[in-house]
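Read the figures in this text as sums done on the coordinates, not as results from a lab. This one's a predicted model, so the numbers in the text were calculated from it and none came from an experiment. Cβ placement follows ideal geometry from the backbone for every residue including glycine, while neighbour counts extend to all protein chains displayed.
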Ligand code: HEC
Ligand code: HEC
């Protein structure tokens with residue numbers, strides 16, 4: 001367990017509580033990101049801001065590089081792309097590592113049980129090969145970014161962006177799978193992802 005608190009990293013190890021002063025526990029410019037994503041990666045209070053807490057660092061890095069090179073456009077909130085444009089590769093890695101270390105949370109939004117059950121079938125059929133649960137042991141090695149617990153408005157925005165071409169899918173197979181979705185299936189998926197309980 002790691003708790004980051006203004007540069008002080010407390011690591012609990014087998015009953016011992018060790019306080020270590022981590023010079024760089026918080027990346028220097030994290031305030032820029034925290035304005036929207038929060039220091040905890042929850043993005044609480046902002047519909048279109050994805051939860052990035054506990055998302056494996058490699059996935060966060062890949063996403064940031066995709067915004068930087070234009071494979072992902074910031075459709076809803078252009079300031080996001082402006083904020084990450086000047087980051088060096090090292091800063092990207094630092095920030096991704098910082099948010100990846102946060103405990104994964106769920107947006108805890110309301111969902112319809114029946115729709116969620118339909119959504120699970122669609123997910124298992126089309127998406128599960130790459131998108132695993134945030135708590136899965138292999139989440140870091142999975143091709144896709146974990147979707148369960150993600151904010152509904154962000155999922156709708158992201159899926160819409162892939163379908164209109166504002167985002168390139170980095171793996172062609174996902175583009176094929178997305179072609180099989182219609183608005184009804186997207187809604188069912190969004191309800192399924194909202195039904196995830198991290199406990
Ligand atoms: C003005 C608000 C804002 C700021 C500032 C901001 N972001 Fe974002 N971030 C967003 C929004 C909104 C999205 C979704 C954008 C989209 O795809 O249209 C996003 C998406 C992301 C994603 C993709 C997550 C995923 O699951 O694919 C990452 C990673 C990220 N931001 C990291 C950062 C970092 C690091 C910083 C600071 C350098 C930062 N953001 C600054 C609002 C912001
Ligand atoms: C062959 C693997 C694969 C399959 C199958 C797949 N995806 Fe993905 N998905 C990815 C990868 C890789 C990314 C991250 C890179 C990108 O943006 O293309 C991603 C990203 C996403 C994102 C953006 C997540 C975020 O946090 O920004 C969404 C939403 C998504 N996928 C939904 C789906 C849905 C829904 C399905 C099923 C209909 C699906 N994917 C099937 C590999 C896959």
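Data for the structure
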{"item": "Residue of 79, 92, 49 that the Gaussian network model of the chain assigns the largest fluctuation, springs spanning Cα pairs under 10 Å", "result": "79"}
{"item": "Order of 72, 113 - criterion: other Cβ atoms within 10 Å of each residue's Cβ, fewest first", "result": "113, 72"}
{"item": "Alpha-carbon centroid distance for the pair region 122-158 / region 63-110, whole angstrom", "result": "17"}
{"item": "Choice from 132, 171, 118 showing the highest fluctuation, given a GNM over the chain with Cα pairs closer than 10 Å", "result": "171"}
{"item": "Rg(Cα) / (2.2 N^0.38 Å) computed for the chain, rounded to two decimals", "result": "1.05"}
{"item": "Residues 82, 62, sorted so that the one with the fewest Cβ neighbours within 10 Å comes first", "result": "82, 62"}
{"item": "0 to 90° range, to nearest 10: angle between helix 89-100 axis and the chain longest Cα axis", "result": "80"}
{"item": "Among 170, 147, 155, residue whose mean-square fluctuation peaks in a GNM of the chain (springs only between Cα atoms under 10 Å)", "result": "170"}
